Amino acid sequence: MKSPATRRTWARGAVGAVVLAVAAGLLVAVGPQGAGAAPADTASGHRWITDRQGRALVLRGLSTASSAKQAPDGMPWIEEKDVVRERRELGTNFVRFLLQWRKVEPSPGTYDRTYLRQVAERVRWYGERGYHVLLDMHQDLYGPRVGGNGAPVWATGTDGLASAPTDPWELGYAEPGTVRAFDRFWGTVEGGGRDLRGHYVGALREVARYFADDDTVIGYDLMNEPWGGSVQGPAFEAGPLARLYQDAIDAIRTVDRDHWLFVEPSAIGSNWGFATGLPRLDDPRADDPRADGDGGGERGRDGDAARIAYAPHLYPLPMDLGGGYTGSTKGQVDRSLRAWREQTEKTARRLGAPVVIGEFGLDVGLPGAMEYVEKVQRMADDMGAGFAYWSNDPGTWAPWDAKLRPTRLLPVLDRPAPLAVAGDPIAYRWDAERKALTVSWRGKAGVRGGTEVRLPARHFSKGGRVEGGVRQSWDPKSRILTLGSGPGTHSVRITPHA
Ligand code: IDC
């Protein structure tokens, strides 16, 4: 019953030129994208990740958590009460949960079920509060053996090359030992050795086997921020990366035919709004006549029963370089955001995939930081994209500080929005000035339940007044208002009760 919404195409402007020069591990970007026509300002017209009732999900949440990268047991910092607090304070419905290959497969071909059980316990904490969990096979800088996280030491081949710590950490991607470890992984240097990609795919398949029947899990993020080592650009993304993704998708589908498979582009470049060479991938479930679900999706050659989602990250280069969202940097960031959206939508069309912003985030103390977060949230709403803010680790980037007291980010993330839409969404928007949340959608056969919107107490202390729609129920505890749905077009406006 989880058939995705029918795919349509958006009218979209031309894409400008991008020149990405890769030299000696350092990237030099020349010439930003041309502006092109503005994308259609609507959430409609693309595929949606749906819940068990066939409703389109508006996924909003945080990544949990960077702390898992270094923890000996691979677990994030959270306890169950932190999940309760996250739900209460932010009303999020989504979490991107970090996994580590080193923990899944501690020695070659041996999978650690204790680790998977501990992950499952935390997934349950989230599931019991209505969350959807994306399991993210995380890595940065390959693995701990070369100063990063992710890959097991046994799967790290450096050929004696070293990797020194760097500041900022991202520069570590150019360290010789790290580059070689990736080259060994992708099999792009002479010398043979273990089939590391085969092991990686096997580890993903084990994760999927374990969680195949877990309805809280929405899908698997196949690799965080893939890096090509010494092979970059389309040669990497349309080559070794696409092959790994296809192998992983095929392997996962032998044990789990329902969960979504999230793919990321090579981060350097794409995070800044440059084009990606990631090609369309095949989901075997699209060829399976049983994959029709509620009959709402097309299938076969159109691939509409495929469940591949696109999860790029968003870190505009001027901000990566330490700038805030102010002064002349602001204009640069805005151009970068436009380019990012254009490229993301182009790639999503090519992949036939809904979009989830897998990461965006910044130090909340930077000048203009909150305006930037609000801007990205509005863009996500306009795109009909989900997002996972980076991250929920208490500190300067998070909605809570080291003592779990709210930072200035918390009220910005605690924002009125639909959570699930009972049909094909047309558009939704929170107008902070007029204090109005508008949601429109087309009812669709086979979808059960109403449209759920969350009305935070900070904006809707006495609940919401509904115009143009039917209020089905209001739960003041979860602050979820359910709106009736049915055939035809719905257009609802909700304002605070006086
Ligand atoms: C960062 C953490 C930081 C850690 C670093 C390296 O915030 O504490 O030292 O990773 O492990 C990404 C990565 C994500 C990064 C994040 C912020 O996917 O792991 O987390 N980021 O730097 N890509 C761009 C930014």
Close pairs from the stretch 144-163: first of a type in the set (S, T, Y), partner crowded, with 22+ Cβ neighbours inside 10 Å and part of a loop (DSSP other than H, G, I, E, B), Cβ under 6 Å, at least 6 apart: T156/G143; S163/E175
Residue check: is K330 modelled with pLDDT of 95 or more, within 20 Å of the chain's Cα centre (by Cα) and surrounded by fewer than 23 Cβ atoms within 10 Å (Cβ to Cβ)? no
Matching residues in the stretch 338-397 (outside any strand (DSSP E or B) and either β-branched (V, I, T) or within 16 Å of the ligand (Cβ to nearest atom) (or both)) number 21
Examine the stretch 423-439 for a residue that is touching a residue at least 24 places away in the same chain (Cβ under 8 Å), surrounded by 18 or more Cβ atoms within 10 Å (Cβ to Cβ) and within 18 Å of the chain's Cα centre (by Cα), and state whether such a residue exists. no
Selection within the stretch 333-364 - surrounded by fewer than 19 Cβ atoms within 10 Å (Cβ to Cβ) and without any contact (Cβ under 8 Å) to a residue 60 or more places away in the chain: D334, D363
Unique match (being surrounded by fewer than 17 Cβ atoms within 10 Å (Cβ to Cβ), in contact (Cβ under 8 Å) with a residue 12 or more places away in the chain, part of a strand (DSSP E or B) and not assigned by TED's automatic domain parsing to the domain that holds N93) among R458, R448, R465: R465
Considering every residue within the stretch 53-67, establish whether at least one is surrounded by 19 or more Cβ atoms within 10 Å (Cβ to Cβ), touching a residue at least 12 places away in the same chain (Cβ under 8 Å), of a type in the set (K, R) and closer than 24 Å to S266 by Cβ. no
Quick one: how many residues across the stretch 50-97 are in a strand (DSSP E or B), polar (S, T, N, Q) and in contact with a helix residue (DSSP H, G or I) (Cβ under 9 Å, 6 or more places away or on another chain)? 1
Only residues in the stretch 265-286 that are in contact (Cβ under 8 Å) with a residue 24 or more places away in the chain and outside any loop (DSSP other than H, G, I, E, B) count as the first member; pair them with residues that are within 15 Å of the ligand (Cβ to nearest atom) and among the acidic types (D, E), Cβ under 6 angstrom, at least 6 apart or cross-chain, and list the lot. A267/E225
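Here is a yes/no grid of residues against (1) touching a Ser or Thr at 6+ places or on another chain (Cβ under 7 Å); (2) at pLDDT 95 or above; (3) in the same structural domain as Y389 (by TED's automatic domain parsing); (4) within 16 Å of the ligand (Cβ to nearest atom):
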{"site": "D247", "(1), (2), (3), (4)": "no, yes, yes, no"}
{"site": "T254", "(1), (2), (3), (4)": "no, yes, yes, no"}
{"site": "V263", "(1), (2), (3), (4)": "no, yes, yes, yes"}
{"site": "S270", "(1), (2), (3), (4)": "yes, yes, yes, yes"}
{"site": "L278", "(1), (2), (3), (4)": "yes, yes, yes, no"}
{"site": "A286", "(1), (2), (3), (4)": "no, no, yes, no"}
{"site": "P289", "(1), (2), (3), (4)": "no, no, yes, no"}
{"site": "D292", "(1), (2), (3), (4)": "yes, no, yes, no"}
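Rundown of residues vs (1) surrounded by fewer than 17 Cβ atoms within 10 Å (Cβ to Cβ); (2) more than 20 Å from the chain's Cα centre (by Cα); (3) at pLDDT 95 or above, yes/no style:
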residue	(1), (2), (3)
A162	yes, yes, yes
G193	yes, yes, no
F211	no, no, yes
G228	no, yes, yes
Mind listing whichever residues of the stretch 89-147 are more than 29 Å from I480 (Cβ to Cβ) and hydroxyl-bearing (S, T, Y)? S107, T110, Y111, T114, Y115, Y142
Restricting the stretch 164-182 to residues that are surrounded by 22 or more Cβ atoms within 10 Å (Cβ to Cβ) and under 15 Å from S266 (Cβ atoms), the one nearest to the ligand (Cβ to nearest atom) turns out to be Y173
Among what's in the stretch 304-324 and is assigned to a loop (DSSP other than H, G, I, E, B) and more than 16 Å from the ligand (Cβ to nearest atom), pick the residue that is nearest to G368 (Cα to Cα). R307
Report whether or not D140 is under 26 Å from the mean Cα position of the chain (by Cα) and either assigned by TED's automatic domain parsing to the domain that holds A420 or over 22 Å from R209 (Cβ atoms) (or both). yes
Just to verify a result, which residue in the stretch 146-158, among those that are more than 14 Å from the ligand (Cβ to nearest atom) and either outside any loop (DSSP other than H, G, I, E, B) or not assigned by TED's automatic domain parsing to the domain that holds L196 (or both), is surrounded by the most Cβ atoms within 10 Å (Cβ to Cβ)? A155
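The values are calculated or read from the model by the stated rules, or taken from the named source; none is laboratory data. Please read all numbers here as calculations on a predicted model, not as lab measurements. Virtual Cβ from ideal backbone geometry, glycine too; neighbours counted across all protein chains shown.
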